[in-house]
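The values are calculated or read from the model by the stated rules, or taken from the named source; none is laboratory data. Remember, it's a predicted structure, so these values are computed and weren't measured experimentally. Glycine also receives a Cβ, built like all others from the backbone with ideal geometry; neighbour counts cover every protein chain displayed.
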Amino acid sequence: MKFSAMIPVALVAALAMSGPLSASGGQHLSRAGRAPAAEAAPERHAPAGHAAAAQHASPVQHAAGLHWSYDGQTGPDHWGELSSDFRLCKTGRMQSPVDLGGAEIPGKFSVKATYRPGPLTVLNNGHTVQANIAEGSTLSSGISRYKLLQVHFHTPSEETIYGIHYPMVAHFVHIDYAGNYAVLGVLFEEGAHNPELDKLVKAAPPHERGPEVVSGVTFDPAKLLPANLSVYRYEGSLTTPPCTEGVHWHVATRPVPASAAQIAAIHAIVGDNARPIQPLHGRLLVAGAE
Ligand SMILES: [Zn+2]
């Protein structure tokens, strides 16, 4: 069943502009992907002021030091059983990541990232490497405006397109004034050396370590974005415990390049940190306009 056959264009347009992307009677996707993720985003519904602090905190701290991982007894299949705080990882019906191949509604949707260069602050939270972003970078999506908190990496990509992983994805994590999260995913394909990414590759801590400013380096997150920010869009969750839902997901339809050596360098640090693909459970998946 295709959503495009069921949903009036006007409704689709409205959904594409704002509000949760959900629809009844949708199909389930099979678990195409596998591979182990780390959202590293602060929890939603957090008290005011928590967001700024949380971008410096390890996600492990979400559940009082509870350990989780990407394989074995603390791997993704067990996250929902590790703690009542992680329940949504098992019971949630709007979980991420998802396969983007089923996006059949052309949404004419694009976002505008106004990212600015600033100091490079990097950390390794034990699940991913992350750059914290100073105030001043924003993402406009429909009628919503979010500020950029941090960017982190997964190898391979968590998102798949027709079941295929890209070798790496960057997740730009944003928050709005009300504490709602928006993530912009940018897929990497193997190709040319990426000079901006290289600043992160060179500074990435090989082991768990708190945030440190890299002296003498200016990092411009805008330089990690494709020229045209057409996006897939859907409503999802953090891809790491506690798998909090209500996250507005955007994934750029166009990948950006990174060299094999750069991707290998990030993978050597973070390992396989992609959560398996989650079922759509009837959610709308809006494809980006070309
Ligand atoms: Zn992520």
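Take L123 and decide whether it is at pLDDT 95 or above, more than 14 Å from the chain's Cα centre (by Cα) and within 16 Å of the ligand (Cβ to nearest atom).
yes
Only residues in the stretch 217-239 that are within 15 Å of the ligand (Cβ to nearest atom) count as the first member; pair them with residues that are assigned to a strand (DSSP E or B) and polar (S, T, N, Q), Cβ under 8 angstrom, at least 6 apart or cross-chain, and list the lot.
Here the result reads none, with nothing in the stretch 217-239 linked to a residue that is assigned to a strand (DSSP E or B) and polar (S, T, N, Q).
Can you name the condition, by its number, that A113 falls short on among (1) over 28 Å from E208 (Cβ atoms); (2) within 16 Å of the ligand (Cβ to nearest atom)?
(2)
Being surrounded by 24 or more Cβ atoms within 10 Å (Cβ to Cβ), away from the ligand (no atom under 16 Å from the Cβ) and more than 17 Å from the chain's Cα centre (by Cα) narrows it down to one of A264, A258, so name that one.
Testing whether each residue is surrounded by 24 or more Cβ atoms within 10 Å (Cβ to Cβ), away from the ligand (no atom under 16 Å from the Cβ) and more than 17 Å from the chain's Cα centre (by Cα) leaves just A258.
Does the stretch 56-104 hold any residues that are at pLDDT 80 or above and among the polar types (S, T, N, Q), and which are they?
Those that are at pLDDT 80 or above and among the polar types (S, T, N, Q): S69, Q73, T74, S83, S84, T91, Q95, S96.
Of all residues in the stretch 246-288, which are in contact with a helix residue (DSSP H, G or I) (Cβ under 6 Å, 6 or more places away or on another chain) and either within 23 Å of A192 (Cβ to Cβ) or β-branched (V, I, T) (or both)?
A258, Q262, A265, V286
Among the candidates A170, A178, which residue alone is at negative phi and part of a strand (DSSP E or B)? Outline the logic, then answer.
Values: A178 fails: part of a strand (DSSP E or B).
That would be A170, the only listed residue that is at negative phi and part of a strand (DSSP E or B).
Could you list, ordered by first residue, the pairs with Cβ atoms under 7 Å in which the first is in the stretch 128-145 and closer than 24 Å to A274 by Cα and the second is within 16 Å of the ligand (Cβ to nearest atom) and at pLDDT below 95, at least 6 apart or interchain?
That search, which allows pairs on different chains as well, returns T128/A38; T128/A40; Q130/A40; N132/Q55.
Please state which one of E159, E212 is among the acidic types (D, E) and within 16 Å of the ligand (Cβ to nearest atom). Step through it out loud before you land on a result.
Numbers: E212 fails: within 16 Å of the ligand (Cβ to nearest atom).
None of the other options fit; the residue is E159.
Condition test on T239, is it among the polar types (S, T, N, Q) and over 13 Å from the mean Cα position of the chain (by Cα)?
So T239 fails the test.
Checking L149 against (1) touching a Gly at 6+ places or on another chain (Cβ under 8 Å); (2) within 16 Å of the ligand (Cβ to nearest atom), only one condition comes out false. Which one?
(1)
Which residues, counting only those in the stretch 106-154, are in a loop (DSSP other than H, G, I, E, B) and over 17 Å from A252 (Cβ atoms)?
Answer for the stretch 106-154, where residues must be in a loop (DSSP other than H, G, I, E, B) and over 17 Å from A252 (Cβ atoms): R116, P117, N125, G126, H127, T128, I133, A134, E135, G136, I143.
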